Amino acid sequence: MRSTLRWALALPLALSVTAFADDPGDIVDVAAASKDHSTLVTAVKAADLVMSLKNAGPFTVFAPTNAAFDKLPKGTVEGLLKPEKKDDLAKILQYHVTTSALEAKWLKDGELLGMANGGKATIKVTKDGKISINGANVIASVRATNGMVHVIDQVLLPPPKPAPAPAPKK
């Protein structure tokens, strides 16, 4: 009886420790734990999006690597990190986020995803199962407690807004 009681008390504790050890953390924690995403983490902080991405979600983040940011024209990242560019940076980063947790196996060729900035991005899936979004290759996927992180090899840039139509002539 005493042994059974000990197990009954110890089992929930053991399970909670195991669950905690296996917890990958939220999307921000996953990115922060990756040495390949330090530029992204810096940008998320500069755009004041940390708390948004720590929310319950669910989210899918297409997370460019440091090498992806390095492909941008010289000075682009540094310019976007300036306080006066915070809104521009936030719009670019929000173009990497959709408000659902999408596993790679659920993404379909030709699918249009609504992104958090209001734009759309197109998924491509090749016959051999390789996935890209607007031409950026998904090179890894990691589950987070509040969604999915898909590592990509390019920074997604939102398409430019169309110019307003000219006023009708009178």
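Overview of results
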{"item": "Segment 28-170, accessible surface, carbon-and-sulfur percent (1.4 angstrom probe)", "result": "58 percent"}
{"item": "Solvent-accessible heavy-atom area per residue, rounded to whole Å², over segment 96-170 at 1.4 Å", "result": "63 Å²"}
{"item": "Out-of-range pairs (alpha-carbon distance over 29 Å; input LYS82/LYS105; LYS35/LYS86; LYS74/LYS127; LYS71/LYS108; LYS86/LYS169)", "result": "LYS82/LYS105; LYS74/LYS127; LYS86/LYS169"}
{"item": "Peptides ranked, highest mean first, by Cβ atoms within 10 Å: ranges 136-145, 58-67", "result": "58-67, 136-145"}
{"item": "FRET efficiency, LYS85 to VAL50 (Cβ-Cβ, R0 22 Å, nearest 0.05)", "result": "0.80"}
{"item": "Amide H contacts under 5 Å for GLY25, placed H, 5+ residues apart", "result": "THR145"}
{"item": "Anchor LYS54: aspartates and glutamates whose Cα lies under 16 Å away (excluding residues fewer than 8 positions away in-chain)", "result": "ASP23, ASP26, ASP29"}
{"item": "Interchain or long-range residues, amide H under 5 Å from ALA63's placed H", "result": "HIS150, VAL151, ILE152"}
{"item": "Estimated vicinal HN-Hα couplings, Hz - segment 135-152 in sequence order (Karplus 6.51, -1.76, 1.60; Gly, Pro = x)", "result": "x, 8, 6, 7, 9, 6, 9, 9, 7, 10, 5, 10, x, 10, 10, 10, 6, 10"}
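The values are calculated or read from the model by the stated rules, or taken from the named source; none is laboratory data. Source: prediction; values computed, not measured. All Cβ positions, glycine included, derive from the backbone under ideal geometry; neighbour counts span all protein chains shown. What goes into the accessible areas is simple: the full protein's heavy atoms, side chains included, and nothing from ligands, DNA or RNA. Shrake-Rupley method; radii C 1.70, N 1.55, O 1.52, S 1.80 Å.
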